[in-house]
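This report concerns only the one structure given below.
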Amino acid sequence: MTAELVRGQNHPLSRNRVEIRVSAGAAVLALAVTGDETGRPAGPGALAHPGARVLPGLEVPDRVGDRHRFTVDLDAVGEAVHRVRVLLVLPPGGPARFGAVAAPHVAVAEPEGAELAAYTVTGLDSESALVALELYRRQGAWKVRAVGQGYAGGLGALLADAGLAGPAAEGLTAAALGLTASGDITLAALPGGAAPTLPHGARSPYDAAPGAPEGPAAPAPQPPDPFPATAAPHAGTPGPAPSAGPSSADTVGGPAGATTGAGAGGAAGAAGGPPTIDYAHPRRRRTSAEAPEPAPRPGPAADPGQPPRPVAGDASGWSMDERLYNQVWGMFEDLARTVAAYRGAVDFADSRLDRELDAALSDPAARLGGSANAARDTARARRDDLVAQARAVLDRDLAQLTAEAEVVEPALPPAYARWSAPVWHGRSTPAEAPLALRLGDLSLPERPELRIPMLMRVPLERGLWIDNGRTGSEAAMTMDTDRLRRAAMDMAVAHAVRLLAVHPADALSVHVIDAAGAGAASLAPLVRAGVLAAPPAAGAEGVTRALERLTRRVDLVQMALRAGAPEDLPPDVDPAEQLLVVHDFPHGFDDRSVTRLRYLADEGPAVGVHLLMVADRDEASAYGPLLDPLWRSLMRLSPVPDHHLADPWVQHAWTFEPDLPPHGSRVLEQALERIAQDRRSARR
């Protein structure tokens, strides 16, 4: 069965010789680039393109087209290669952006066989080059990850973001794009042979000026590059991705657990000009002259025979936040894998015990002679020995993960950190939106005290639903209804404050619908700080007005983006990201309001409108199956510890525990004071 991936999701590969299949709505150029553990290419020679098609273990197509197939042998790529990225580029002469054609589809398959994993790259607009997916090595095994990282600046921007810049990268861009949409190669050779024909008549940096002596020459003056190397990337970046499942057992996406969106925060336009909206994912913004942050220094050397000492941020990534994010989800994968191995060993030991007991008791002579007792004792001893060995391995792995968690947790930035962490004190104003947001902690019963942060990528492509009803969890059943509802609303307010605190000033606007006013006590800190976009909407009329404003914004932004003019929005449209907190749904909602809410849940995330609901599904049962798509589209969370998160990767039921400010702490109020102060300063 083919694993249908979403942006950021990964999937293990069952074989190391695979076929890459590409289908697109227009003629595209399929390239490949190899990288080290950090993802950086070793140099221009790490890019395979039609003029230099072959790298160890792979060979890319020699022409453009809307269908491509090529084989990758991961056993032959070399020990230094840890990543193989598949790039898709729109060549000159064809469509100028991926948003104007059907979404590209990329699959990893057995050679001439069934597909193993597939990914449709959605959410593209002005991008003309993208990293579709990557094959990467982790602990000796290869996996595929859906990336979907697009670049409006084309191949030049993509190469610059990968760390290839300067004349060599410009020559690679020119050589790779020396094609026509019909698939004819117009370049004669790569540098070192005849000069390629460059788009728009640009001269090659390897050409000698007329009349100059033979040998290397200085680059000739060039017209403005249609593929600037400093353009900012668009669309999403690798991250966890969910599977939309039943509301009673949501999923932690395979295996990372959350989703990443194609939208992102708004940005003000040039001074004195109209505001513009940038829906690019809030990742790094680097120019070709900037280098990625240095890798962390290795920790103290481990004693002989001991595992390496953990270091915070030792995963791959361009920034410390990205490295910590990847390290956290690596810890999640390691915990899932080691517990799955232990449970598998116990299941095997139990099944073998059952078989041996059946065999011992099936012989009447053995039962009468007493030898059956000895056989039973031997079988049970074998079972206990195997379980003890598996438990020793599990304890060793859990001890290593616990040591890593003790190092990583204090190093997490505010967006990832617990409310009790010291990093929340003395926080400075963030310069850009975070990569992800901490929703709570995940644990397994084999070591409940080992808790892994549950991080969800932002902007939130998938809305959140905090269930304030009676669930099957023991903690929920022991709480009275009023306390449970108050805990759910407190949790929603904490998430809203965290989002406000980790975004730049005025980059996020928060709206609240509290039709009956039942959440006033929880909402009081937000109201007192004056950080809401408007007072909480109350009554049926207030609900209607609030939903009308946000649905209008979604419609206008969608039309502006389709027209290619996001700066032409009316002046009353807020360019910031929007978060709508809905309390006590469906109280105060009529049929029209329910329809608008579903519309916001479906269409809002792509244009910067995100949903956080606090509701009891049973109370909405009067609407019947009408609301089932709404519940399934949201990530269900619980205000008390619960094991409702299912893991499709290894079939674990993870225990989710919300992260709330410590009782009696003023950390929430202090964060709101800083948010209000930042906003006042930004508006001066």
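The values are calculated or read from the model by the stated rules, or taken from the named source; none is laboratory data. Bear in mind the structure is a predicted one, so any value in this text is a computation, not a measurement. Backbone-built Cβ (ideal geometry, glycine too); neighbour counts: all protein chains shown. Calculation scope for accessible area: heavy atoms of the full protein, side chains included, ligands and nucleic acids excluded. Shrake-Rupley method; radii C 1.70, N 1.55, O 1.52, S 1.80 Å.
Please go through the stretch 453-488 and give me each residue that is of a type in the set (V, I, T), under 18 Å from F656 (Cα atoms) and surrounded by 23 or more Cβ atoms within 10 Å (Cβ to Cβ), ordered by number.
Residue satisfying the conditions is I466 alone.
Step by step: first the residues of the stretch 428-452, then only those that are of a type in the set (G, A, S) and assigned to a strand (DSSP E or B), then the one that is surrounded by the most Cβ atoms within 10 Å (Cβ to Cβ). Which residue is that? Reasoning before the result, please.
Initial filter on the stretch 428-452 (of a type in the set (G, A, S)): 428, 431, 433, 436, 440, 443.
With the extra rule that they be assigned to a strand (DSSP E or B), the set shrinks to 436, 440, 443.
Working: A436: 25, G440: 23, S443: 19.
It comes out as A436.
Evaluate the following for L580: is it touching a Gly at 6+ places or on another chain (Cβ under 9 Å) and touching a residue at least 60 places away in the same chain (Cβ under 8 Å)?
Working: touching a Gly at 6+ places or on another chain (Cβ under 9 Å): yes; touching a residue at least 60 places away in the same chain (Cβ under 8 Å): yes.
Yes: the conditions hold for L580.
All but one of (1) free of Cβ contacts under 8 Å to residues at least 60 places away in the same chain; (2) open to solvent by 60 Å² or more (accessible area, probe 1.4 Å) hold for H425; state the number of the condition that does not hold.
(1)
Restricting to the stretch 566-620, name every residue that is assigned to a helix (DSSP H, G or I), within 20 Å of L637 (Cα to Cα) and open to solvent by less than 10 Å² (accessible area, probe 1.4 Å). Before the answer, list the steps.
Of the stretch 566-620, the ones assigned to a helix (DSSP H, G or I) are 566-568, 591-603, 605-607, 617-620.
The next check asks that each one be within 20 Å of L637 (Cα to Cα); those that pass are 597-598, 600-602, 605, 617-620.
Across the stretch 566-620, the qualifying residues are L597, L600, A620.
Within the stretch 499-527, can you find the residues that are within 32 Å of the chain's Cα centre (by Cα), in a helix (DSSP H, G or I) and small (G, A, S)?
Selection gives A501, S522.
Sort out which residues of the stretch 570-582 are more than 27 Å from the chain's Cα centre (by Cα) and within 23 Å of L460 (Cα to Cα), and write them in order of number.
V573
In the stretch 508-527, what residues are farther than 13 Å from A496 by Cα and touching a residue at least 24 places away in the same chain (Cβ under 8 Å)?
The answer is I513, D514, A515, A516, A518, G519, A521.
Taking M491 and the conditions (1) surrounded by fewer than 20 Cβ atoms within 10 Å (Cβ to Cβ); (2) modelled with pLDDT of 95 or more; (3) under 22 Å from L597 (Cβ atoms), which numbered condition does it fall short on, given that it satisfies the others?
(1)
Here is a list of conditions, (1) surrounded by 24 or more Cβ atoms within 10 Å (Cβ to Cβ); (2) farther than 30 Å from Q400 by Cα, and V497 meets all of them except one; can you say which number that is?
(1)
For the stretch 528-549, does any single residue satisfy the condition of being over 16 Å from V614 (Cβ atoms), in a helix (DSSP H, G or I), in contact (Cβ under 8 Å) with a residue 12 or more places away in the chain and of a type in the set (S, T, Y)?
So far as the stretch 528-549 goes, yes, one or more of its residues are over 16 Å from V614 (Cβ atoms), in a helix (DSSP H, G or I), in contact (Cβ under 8 Å) with a residue 12 or more places away in the chain and of a type in the set (S, T, Y).
Looking only at residues in the stretch 66-122 that are part of a helix (DSSP H, G or I) and at pLDDT below 90, which one is farthest from A26 (Cα to Cα)? Break it down stepwise before answering.
As a first pass, look at the stretch 66-122 and keep what is part of a helix (DSSP H, G or I): 74-76, 98-100.
With at pLDDT below 90 added as a condition, the list becomes 99-100.
Details: G99: 11, A100: 9 Å.
Among them, the one singled out is G99.
Can you name the condition, by its number, that V582 falls short on among (1) within 23 Å of R679 (Cβ to Cβ); (2) touching an Asp or Glu at 6+ places or on another chain (Cβ under 9 Å)?
Of the numbered conditions (1) within 23 Å of R679 (Cβ to Cβ); (2) touching an Asp or Glu at 6+ places or on another chain (Cβ under 9 Å), the odd one out for V582 is (1).
Does any residue in the stretch 347-359 that is open to solvent by 100 Å² or more (accessible area, probe 1.4 Å) come within less than 9 Å, Cβ to Cβ, of a residue that is at pLDDT below 90 and part of a helix (DSSP H, G or I) six or more places away or on a different chain, and which pairs are these?
From residues that are open to solvent by 100 Å² or more (accessible area, probe 1.4 Å), the pairs are R355/A379.
Quick one: is A372 surrounded by 13 or more Cβ atoms within 10 Å (Cβ to Cβ), among the aliphatic types (A, V, I, L, M) and over 41 Å from the mean Cα position of the chain (by Cα)?
Yes.
In the stretch 444-463, is there at least one residue being within 14 Å of V581 (Cα to Cα) and either of a type in the set (V, I, T) or touching a Leu at 6+ places or on another chain (Cβ under 6 Å) (or both)?
yes
If I filter the stretch 457-486 down to residues being in a strand (DSSP E or B) and of a type in the set (A, V, I, L, M), which single residue comes out as nearest to S638 (Cα to Cα)?
The extreme case among them is I466.
Please find, among W329, W318, the residue that is surrounded by 20 or more Cβ atoms within 10 Å (Cβ to Cβ), in contact (Cβ under 8 Å) with a residue 24 or more places away in the chain and not in a helix (DSSP H, G or I).
W318
Please enumerate the residues belonging to the stretch 495-520 that are small (G, A, S) and either touching a Pro at 6+ places or on another chain (Cβ under 6 Å) or more than 22 Å from G440 (Cβ to Cβ) (or both). Talk me through it step by step, then tell me what you get.
Of the stretch 495-520, the ones small (G, A, S) are 496, 501, 505, 507, 509, 515-520.
A505, A507, S509, A515, A516, G517, A518, A520, listed by residue number.
List every residue pair whose Cβ atoms sit under 9 Å apart, with the two residues 6 or more apart in sequence or on different chains, where the first one lies in the stretch 379-392 and is closer than 16 Å to Y342 by Cα and touching a residue at least 40 places away in the same chain (Cβ under 8 Å) and the second, anywhere, is assigned to a helix (DSSP H, G or I) and among the acidic types (D, E).
These pairs meet every condition: V387/D350.
Condition (residue is small (G, A, S) and crowded, with 18+ Cβ neighbours inside 10 Å) applied to the stretch 70-93: is it met by at least one residue?
So far as the stretch 70-93 goes, no, none of its residues is small (G, A, S) and crowded, with 18+ Cβ neighbours inside 10 Å.
What number of residues within the stretch 10-25 are open to solvent by less than 50 Å² (accessible area, probe 1.4 Å), small (G, A, S) and at pLDDT below 90?
Within the stretch 10-25, residues that are open to solvent by less than 50 Å² (accessible area, probe 1.4 Å), small (G, A, S) and at pLDDT below 90 number 1.
Could you check A100 against (1) within 19 Å of E134 (Cα to Cα); (2) under 28 Å from the mean Cα position of the chain (by Cα) and say which number it fails?
(1)
Which residue, of A146, A118, A141, is touching a residue at least 12 places away in the same chain (Cβ under 8 Å), more than 12 Å from R7 (Cα to Cα) and hydrophobic (A, V, I, L, M, F, W, C)?
Numbers: A146 fails: more than 12 Å from R7 (Cα to Cα); A118 fails: more than 12 Å from R7 (Cα to Cα).
It is A141.
Pull up the stretch 44-65, narrow it to residues that are charged (D, E, K, R) and assigned to a loop (DSSP other than H, G, I, E, B), then point me to the one that is surrounded by the fewest Cβ atoms within 10 Å (Cβ to Cβ). Let's see the steps before the verdict.
Taking the stretch 44-65 as the starting set, the residues that turn out to be charged (D, E, K, R) are 53, 59, 62-63.
Restricting the remaining residues to those that are assigned to a loop (DSSP other than H, G, I, E, B) gives 53, 62-63.
Working: R53: 15, D62: 13, R63: 16.
Across the stretch 44-65, the extreme among qualifying residues is D62.
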